[in-house]
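The values are calculated or read from the model by the stated rules, or taken from the named source; none is laboratory data. Predicted model only: the values in this text are computed from it and were never measured. Because the Cβ atoms are built from the backbone with ideal geometry, glycine has one as well, and the counts that use them run over all protein chains shown.
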Amino acid sequence: MIKMSKFPKIGQYRQVVKEIQMMSAFTGVDDLGNALYDNTLPKPILKFKGTVKLHGTNAGVGHNPTDGLWVQSRSNVITPLSDNAGFATFVMSKEALFNDMIENVRYTERGNIGDNDGVVIFGEWAGGGIQKGVAITGIEKSFFIFDVKVVPEDGSESYYIESDYLKDTDNRIYNIEDYLSYHIEIDFNRPDLAQAKMIEITDTVEKLCPVGKAFGIEGVGEGVVWTTTYKGAKLRFKVKGEKHAGKSKVKTLNPVDSEKIGRIHELVNEIVSVDRMAQQLALACDTINGGTIDRKFLGDYIRMVISDTMEEEMDLILESGFEPKDINKYISELARKYWFEQEKL
């Protein structure tokens, strides 16, 4: 039976931030198999590559030696008789070409792919009549490859491999890596600082789609897909604009004033001293009378640090041009970090 392998949903930036923070804090498992985390460990600084997000429909071409070639949409195996915007018809009309492409993958990755492992080429089926409101609706329906997944026969975890060499432009099979791409470095100790740059890049793509422009068509682009690899895992998130969606609601990245956040961090580091946090931790846990650091007091401790800081430093906060609501979150983050550092001692 055909082993369809879905392409994962591409999530939002906040979801990748949470995932990376958890991955960086993971230290192993205990004797019962429970995950262990150390939230005081520094978070990574990672380089992400951004490629143009195309407004079409997710499509894939899979193959294994038992089942041969199959075609899939995001959630189903499709055929020319039960199609998705004509993609299965397109693939089956070029069956020999796609079989050669799969063999090319197996040859290129020889030694890394088992003879009976499945291979799925993923891309976006995009062009006239598939979606509305973007530049690429002006081109003939085409397949834009963006990834290749290997599905091991033994049932072990699937993995992704390079795909930038796969294309056949004479047959309307393109590779997203051949178009304009973007690069950004994200410090996951302060992930909010990267948002302004990502919004700026998304706005540029939205105003003039680089893929559409390559085909001589000027118009709206959907957004950008950002990708990195961390601890062997391929991680992605999308940042989309709103123009392509018309009246539909689109989840966009919230604007962030990076300069303002930088000044907030400087201020918080100045007014929330180690002595202040140590004093409030001692009071919250009553360590002077033999109490111990217990997580049931964590919320009280954070509130006490914020309250004490406001009481003692309000004049400096106001002189810096901020209100309490601007900095409470950052005081909480610093106080929490100190708590976990002391908890390990």
> Got at least one residue in the range 109-118 being β-branched (Val, Ile, Thr), at pLDDT 95 or above and more than 26 Å from Val220 (Cβ to Cβ)?
Replying inline: no
> Among the residues of the range 214-227, is any part of a helix (DSSP H, G or I), modelled with pLDDT of 95 or more and surrounded by 15 or more Cβ atoms within 10 Å (Cβ to Cβ)?
Replying inline: yes
>> If I filter the range 286-302 for residues that are among the hydrophobic types (A, V, I, L, M, F, W, C), free of Cβ contacts under 8 Å to residues at least 40 places away in the same chain and either surrounded by 17 or more Cβ atoms within 10 Å (Cβ to Cβ) or in contact with a strand residue (DSSP E or B) (Cβ under 9 Å, 6 or more places away or on another chain) (or both), do I get at least one hit?
In response: yes
>> Would you confirm, using the coordinates I've provided, whether Gln342 is in contact with a Phe, Trp or Tyr (Cβ under 7 Å, 6 or more places away or on another chain) and part of a helix (DSSP H, G or I)?
In response: no
> How many residues are touching a Gly at 6+ places or on another chain (Cβ under 7 Å) and among the small types (Gly, Ala, Ser) if we restrict to the range 57-81?
Replying inline: 2
> Within the range 190-203, how many residues are out of contact with any Leu (no Cβ under 9 Å at 6 or more places or on another chain) and surrounded by 15 or more Cβ atoms within 10 Å (Cβ to Cβ)?
Replying inline: 8
> Do the conditions hold for Ala96, that is, is it farther than 27 Å from Lys197 by Cα and either exposed (fewer than 13 other Cβ atoms within 10 Å of the Cβ) or free of Cβ contacts under 8 Å to residues at least 40 places away in the same chain (or both)?
Replying inline: yes
>> Among the residues that make up the range 70-87, is at least one of them among the β-branched types (Val, Ile, Thr) and surrounded by fewer than 13 Cβ atoms within 10 Å (Cβ to Cβ)?
In response: no
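With respect to Ser163, determine if the residue is more than 24 Å from the chain's Cα centre (by Cα), surrounded by 18 or more Cβ atoms within 10 Å (Cβ to Cβ) and of a type in the set (Ser, Thr, Tyr).
Criteria not met by Ser163.
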